[in-house]
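The values are calculated or read from the model by the stated rules, or taken from the named source; none is laboratory data. Bear in mind the structure is a predicted one, so any value in this text is a computation, not a measurement. Reconstructed Cβ throughout: ideal geometry from the backbone, glycine too, with neighbour counts over all protein chains shown.
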Amino acid sequence: MLVRNDRYGKGARLKPHGEAFIEELTTQGYAKRTLKLYRQWISCFCGEFDRSGLPTEDMDGPTIRRLEEIVLNKVWESARTYARFGLGRFIDYLAAAGLVCVPELSKRQPTSLERLSEEYEDHLRDQRGLSEATIRHYLWIFKRFIDFRFGKTLGDLNHITPENVVDFLRKVIISPQPYRCKRPPAHLKSFFRFLFWSGKTRNNLANCIPRVAQSQPRNLPRFLHPQEIQRLLDSVKTSDAIGRRNYAMLLLAARLGLRGPEVVAIQLEDIDWRAGEILIRGKGKLLDRMPLPDDVGKAIVDYIQNGRAGNSRSLFVGSQAPYRPFTNAHVLNDVLGKAFEKTGLEPPGKYVGFHLLRHSLAVDMLRKGASLGEIADILRHRSRTTTMIYAKHNVDALRSLVCCHAIKFT
């Protein structure tokens, strides 16, 4: 027991709201032991509220904090952090119901640099439809350039010159990994287009960004053979909820070549069971429908019926209450990494990423006779040049590609 002595009564005035809050936690799947702790803290808080004799309308911020501290002083010291979190959730619940008034903290006025960053971030998310991970890369380059040109305080954007851009690129494009050199120029172009189109600069500086010479990577796309993929799938397939979920996620990538963010973005309503199709929420907010393989469909059904919990509309959720959806696709890299450790397979590279399953599907299709166009359609590439990297695994495909270009230009 974390409360030393629960002797404050039932807290009659707030008791119905406490019971409703506990009921909400129960529907979210919280364990009985956790619910018992919440009941203790809430009962103690409601009792203190009754002892204060204050009307509900007088429950302002300072009063709430004072009652909260009284309750926390009755909790064992080792559990106070968790109790503070639990009481905070209950207070937020009361505030949402309009029973208490918790004053908002006075907000600091954003600086001109912060306002520009927020506008640019909204542009990338709403107009460009970029993923959160890609947006972070764009903002990182934007902030580095502004700091390079103006320092910590934003200056006149019209004072940026082509020489400033070239000097910045010379500084940042010094890396032992040439494939990363393409990011700063592309990200700067996006930023300068945003400034020009939004009327913040008189000239479009995107036109002054030079092309950066970049050597083509000599290494082939890393991939796994079908039997190795199957060993990984078998290693994660267990009878518990986590095993069923992880197996379904890996199988989606192995059979359909989905990217990590596309897997975690799947909603329950995205699957058309009658038509045998699944909606894929791809890059740039593009939506594509793909056929749902039989084994993938069975794995998803097994997870939904025997492992999935919670009220979220996302197909794949966490394994602990309140069973929230994943905020990013990092969990997939962890699942794949643990599968390698469990099977003892040697990864084809130092970094084990979920994209490995996507590459493996493409190489397997190519070796089974699929054309580069068919692979591009399955992987949903916007440009056929993106699919060209897989042609290195098939000399005949390269010959056919050269012949096609020769016929085109004769």
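Can you find a residue that is modelled with pLDDT under 90, in a helix (DSSP H, G or I) and either at positive phi or of a type outside the set (A, V, I, L, M, F, W, C) (or both) anywhere in region 5-15?
Yes, that holds for at least one residue.
Give me a count of the residues in region 120-134 that are modelled with pLDDT of 90 or more and surrounded by 13 or more Cβ atoms within 10 Å (Cβ to Cβ).
4
Can you find a residue that is surrounded by fewer than 20 Cβ atoms within 10 Å (Cβ to Cβ), farther than 17 Å from Leu25 by Cβ, charged (D, E, K, R) and within 37 Å of the chain's Cα centre (by Cα) anywhere in region 40-54?
Checked against the condition, which is being surrounded by fewer than 20 Cβ atoms within 10 Å (Cβ to Cβ), farther than 17 Å from Leu25 by Cβ, charged (D, E, K, R) and within 37 Å of the chain's Cα centre (by Cα), region 40-54 yields no hits at all.
Do we have any residue at all in region 306-328 that's surrounded by fewer than 17 Cβ atoms within 10 Å (Cβ to Cβ), of a type in the set (A, V, I, L, M, F, W, C) and either more than 23 Å from Ile135 (Cα to Cα) or in contact (Cβ under 8 Å) with a residue 40 or more places away in the chain (or both)?
Yes, the conditions are met somewhere in region 306-328.
Do we find that Val71 is modelled with pLDDT of 85 or more and farther than 27 Å from Val317 by Cβ in this structure?
Yes: the conditions hold for Val71.
If a residue counts only when it is outside the structural domain of Glu23 (by TED's automatic domain parsing) and within 26 Å of the chain's Cα centre (by Cα), which helices (runs of 4 or more DSSP H) contained entirely in region 78-164 have at least 2 such residues?
So the answer is 112-122, 132-149.
Evaluate region 337-354: report whether one residue or more is surrounded by fewer than 18 Cβ atoms within 10 Å (Cβ to Cβ), aromatic (Phe, Trp, Tyr) and at pLDDT below 90.
Within region 337-354, one or more residues are surrounded by fewer than 18 Cβ atoms within 10 Å (Cβ to Cβ), aromatic (Phe, Trp, Tyr) and at pLDDT below 90.
Name, by its number, the condition in (1) free of Cβ contacts under 8 Å to residues at least 60 places away in the same chain; (2) touching a helix residue (DSSP H, G or I) at 6+ places or on another chain (Cβ under 8 Å) that does not hold for Phe90.
In the conditions (1) free of Cβ contacts under 8 Å to residues at least 60 places away in the same chain; (2) touching a helix residue (DSSP H, G or I) at 6+ places or on another chain (Cβ under 8 Å), Phe90 misses (1) alone.
If I ask for residues that are part of a helix (DSSP H, G or I) and surrounded by fewer than 21 Cβ atoms within 10 Å (Cβ to Cβ), which ones from region 373-382 would you list?
Listed by number, the residues that qualify are Gly373, Glu374, Ala376, Asp377, Ile378, Leu379.
Of the residues in region 120-142, how many are in contact with a helix residue (DSSP H, G or I) (Cβ under 7 Å, 6 or more places away or on another chain) and on the phi < 0 side of the Ramachandran plot?
Qualifying residue count, region 120-142: 13.
Say we look at region 141-160 and pick out the residues that are in contact (Cβ under 8 Å) with a residue 24 or more places away in the chain and within 29 Å of Asn328 (Cα to Cα); which of these is surrounded by the most Cβ atoms within 10 Å (Cβ to Cβ)?
Among those that are in contact (Cβ under 8 Å) with a residue 24 or more places away in the chain and within 29 Å of Asn328 (Cα to Cα), it is Phe145.
Regarding Lys152, is this residue at pLDDT below 85 and out of contact with any Leu (no Cβ under 6 Å at 6 or more places or on another chain)?
yes
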